[in-house]
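Following: one structure in C-alpha cells, then a few remarks.
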Amino acid sequence: MSIDLSQFHQVFFEEALEGLDIMEQALLSIDEPQFVDDETINEIFRAAHSIKGGAATLGFTQISDFTHVLETLLDEIRQHKRTLLSEMVELFLKSCDFLRDTTCQLMQDLTPELTQGSELIAAFEKMLQAVEENEDSSDTYSEMNDSISSSVVAETFFGGMLNESRSSDEKMEGKNMAENSLIKSSKEEVIDKENELGNGAGDGKTWKIYFKPEPQILQTGNEPFRIFRELAQLGELEAQCHCDLLPDFEELVVDECFLYWTLKLTTQASRDEILDIFEWVIDECELTVELVSPEFKVDQSAAEEKKDNLKGIISEEAASEDMLKVNQSNLGATEEITSNGVTSGAKGDAATIVPLKESSVDPLSNKGQERVPLNSDESDSKKIIDKSKQKSIRSNKKEKEVVDRGGASASSIRVGIDKVDSLINLVGELVITQSMLSELGNDFDLDKLERLSNGLEQLRQNTRELQESVMKIRMLPISFAFNRFPRMIRDLSNKTGKKVQLTLKGEHTELDKTVMEQISDPLVHLVRNAIDHGIETPERRVALGKNEEGSIVLSACHQGGNIVVEVSDDGKGIDPEAILEKARDKNIHFDEAETDPQKIFDLIFEPGFSTAESISDISGRGVGMDVVRRNIKDLGGRIEVESKIGKGSVFRVYLPLTLAILDGQLVRVGDEVYVIPLVSIVESLQIKSKNINSVSGNMILYRLREDNVPIIPVYKAFNISADNTELDNALLVVVESDGRKVGLLVDDLLAQQQVVIKSLEGNYKRVEGISGATILGDGSVALILDISGLMHKVANQKKKPKRAA
Amino acid sequence: MTNILVVDDSTSMRNMVSATLSSAGYQVKEAPDGKAALGVAKSMKFDAVITDLNMPVMNGLDLVRNLRALPSFKYTPILLLTTESSSDKKNEGKQAGATGWLVKPFNPEKLLATVGRVIG
C-alpha cells in the first residue's frame, strides 16, 4: 500500500506560492510593527506553518528547515513573548522572496540556491538570541530549542514504529513521554534488567504491564480494547481484568472506565514500542511496564474477587460491551445503553454476553484464568511490508521520471466550485436538448419543423452559455497580477527616497489566465517607470505645492470586449518637446511637422528610446517601452499614453478578454476561407478604379479619403488562385495593425462569427502571415490572418524579386 | 464502508491525506476549516476524524470541542495532524477531547498505520 507523493508536488508549489503572497500582503499591511494585531501575525504564522508542513511531508527540506526558523520567531511574536520590529518585517519579506525563488527552482527541477537562505537564517538566529539577552529570560530560548529538538524527536519517535535501526537509547532519550509517565523504576535499572532478562531469550522478552486508566479515558475515543489489540500485534498477550473498582450497579456511569488490567506480553518488541502504543493515554493512566521472567503468570486470584458482586459486573460488562458497540457505530444515547445493560444483565450468564465479536482479545473479560493466546504474525507481515515498501519506492522513482517528463510545463488552475457547478448544470441542459432533438429526429415530418427550429434555438443558447461558462474557468481576478505591486512600491520608494501611495482599483475584474501571466511584466515596467520618471522627489513635490506623497493608481475595468488596465501617476508628466529632442538625438525617424501629442507620445515606444537622463537600475535598462508595447501587441492588445506636464501621466493598456476565442470576419479567396480578426478591421469597401494609385514598383495604393492604403491581394500573398484578380469593383477589407493601414483584396465577405483559435504551430508549423486556425461549422479548416505578419511577408516578397533583378 | 473526515486548510496536505486514505479503501470527506468540518459532521457519521490544529475560521481545538459535544461524535476517534510537537499542544489537544495525534511530516505508511490503530 503506497502512494506516490510526487503527484502532489504541483499542488504544493502553487499553494506555497499562494501562501507566500498571503504572507507578503499581511507583512505589507503592517504600518506600525510594535502594534501589530494578533490576526495579522496569526495569518502570517499560519501561511508559514502550512508551507512547512507540506514541504516537510514532501521532503523539501530546504523549504521546511528554513520555514521552521521563520516560524519559531513568528510563534514567539504570536504568543507575545517578543515584539515585532520593523527589521523583522524586512527580514520576513526577504524570506518570502527567498522561499519564492526556492519554490520556483524546485518547480523547474533545479537545485535551489541556498546561500541567501543561510544568510537569512543567521540573521534570524541573531534575532532569536537577542531576545534571550534583552529580556534575560532563558525561557523563550530554551523553549525554542525544545521545539526544535522535539520535532526531531517526534520524527525519531514515529520512525521507531517502522524503523527499528535506531538504537533504543536514542529513542529513550528523546522521549518526554517516558519521563512524564508513572513508570516507577528508574531508567538505568530498567535497561539493566532488560539486558539481563532479554539475553538468550530467542522468542523475545516477557513484559508485565500494569494499566489502570482514569475513568474518563473513554471520552477521548481511546478504548482500552484498541490498545490491547495493538499490543497483541507485538506478540503473545494475556490479559487479566481487575473488577474490584466497579461501583454498585446504581452508581455505574456507562462511559467511564472502572476496570484495570494486568497484562503479560511476550514479544521481541522493545520497551519503547510498547510505550508507543500507550502514547496517547500516558497522561490519563497509571502504567508500569517491567520485564519479568517468562515463568511469570498473570495473577488469577484477582479474577475471583468480588464474586458476590457478579451481577453488577455482568451489568457493567454488558453495558461496556454495548458501549463499545455504540462507540463503533457512533450512537451515544446513554439511556438506551443502560437499559440494554439491565436486560442483558438479567440473563445472568456472563459467558454469553462477554465475548466481543471482532477478536479473541477481550479486555473486559473476567475469565482471566483462561489464557487467551494472542499470537500475531506481526513480524512476518512487517517483513512483507518492508519488501513491498522497497518495491514501491523503486516503482515510485520510475513513475516520477515519467511524470516529470510529461508534466514539466503543465500548469493547473484553481476554479471556484460555483463555476464547476454551473458547468455541470449547463451540461445537464445540453443533454436534455440533445435528447429532445434526437427524439424529434426519430420520425420527423414537416409538421414538427417549428419544434425543430425551437430546439435548435435552444441548442444555440445552451452552447453559448456553456462556452461562456467554460471561458470563465480560465478567468482569474486581476488581483493576481496586482498583488505584487504593494511590495514593489515599498521597495522602490525605499530605494529612491520617493514617497508613493499605491491605490488599486477593480482588482476583481477577471482576465484570462494566460493574458494575466503575460501582462504582468509589462505592468511592472510601467509602474517602475512611473516611480522612476514620473513621481518627483518629496522636496520637489513640496516646492511645487503638491502633496509630499506621490500617488500611483492601478486600475482595471471591462470596456466592451476588452479589459482596460491603467497605470496613472500624479508626477511631472511627459514633456512632448523633450521627447522630440530625444528622438532627434537617438535618430528615431519621425515627422517633424507632427503636432498631435498622442503621436509624439507614441515615440517613447520606439526601440532605443529612453527619456531618463541617466540609466538607473530601476527602469532605464535600454530595453524599455518598445518591449512593453511588443508584449502587449503579442497579446492582441494595445497601449495608449495620456500626459499633462506637471499633472502626471496615464498609460492605458487594452487587452482582449481571452486568447482562446476571437471575433472574426470570414472572407473567401478562391476556394479558401480566411478569418480576419474583427478588431483589426477598419472598414470594407468596393474598389473604385479612380481611387487606385499605382506608384513606382509593384506597390498599388488605394486612396481612402486622405490616406493612401497599400493593397495586398491575399491570393498573391499565399500563392493561391482567386475568382477575381481585377481590382476594379473588387472587395477590399481595410485593416489596421501597428498603426498602419492596408487593404486586403478578397473575393467575398462571409459571416461574422466567434471562432475558437487552434494553434497552427502546435498542430502543423508556423506560417508567416497566419496566426492560427479554426474549424468552421461545416467541419472545414479556416486560417486566421495575422495582419502585421502578413504586411511583413508581403514586404519581404516584394524585396526578393528586386534583389534578384 | 469506513468514513473518515479530513480537515486541513492546506489543500496539498488535505489531498495527500485523503488520497492516502482512499487508496487504502477508506471513504474520505474533506473540509478546509473547523466550521466547514462541523457542518459536514452534522450531516453524516464518521468513523474517525483527522484534523489540523492551526486553521482559519475555526481552529482544530475548537473543532474537537464542538465535535465531542455532538452525540454522534462522543466516542469517535479524533486525531490531530499537526506540526506542533511540543507536549503543551498535545495536552491541550487531549483536554479538548482528541484521541491522539500524528506528527507532520507524515508518510503514507505512518498515516495508515495510525489510522489503522484507531479503526477496528
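All of the numbers you see were taken from the coordinates with simple rules; none came from a lab. Keep in mind that this is a model prediction, so the values were computed, not measured.
Over 20 Å between Cα atoms, which of B:Lys45/B:Lys74; A:Lys499/A:Lys647; A:Lys94/A:Lys572; A:Lys546/A:Lys644 qualify?
With Cα atoms farther than 20 Å apart: A:Lys94/A:Lys572.
Using 0.36 nm per residue, how much length does the chain from A:Thr61 to A:Asn719 gain when fully extended, once their Cα-Cα distance is taken away?
Here the answer is 230.9 nm.
What number results when the radius of gyration of the stretch A:476-656, computed over Cα atoms, is divided by 2.2 N^0.38 Å?
Rg over 2.2 N^0.38 Å, computed on Cα atoms: 1.01.
What is the distance in Å between the Cα centres of the stretch A:484-522 and the stretch A:64-100?
A separation of 24 Å, based on Cα centres.
In cubic angstrom, how much convex hull volume per residue do the alpha carbon atoms of the stretch A:661-804 span?
Roughly 120 Å³ of hull volume per residue.
Suppose the chain between A:Thr111 and A:Glu429 were pulled fully straight at 0.36 nm per residue; how much longer would it get relative to their current alpha carbon spacing?
Answer, rounded to one decimal: 109.5 nm.
What is the P(r) of the stretch B:3-118, as percent of Cα-Cα pairs per 5 Å bin from 0?
2, 13, 26, 28, 21, 9, 1
Summarise the long-distance tail of P(r) for the stretch A:417-473 by giving the % of C-alpha pairs beyond 16 Å.
Summing the P(r) tail past 16 Å for the stretch A:417-473 gives 46 percent.
For A:Glu507 and A:Lys644, calculate 0.36 nm times their separation in residues minus their Cα-Cα distance, and state this gained length in nm to one decimal.
Computed gain between A:Glu507 and A:Lys644 is 46.7 nm.
Just the Cα atoms of the stretch A:493-588, one point each, no solvent: what log10 I(q)/I(0) does Debye give at q = 0.10, 0.12, 0.14 Å⁻¹?
Each listed q corresponds, in turn, to -0.36, -0.51, -0.67.
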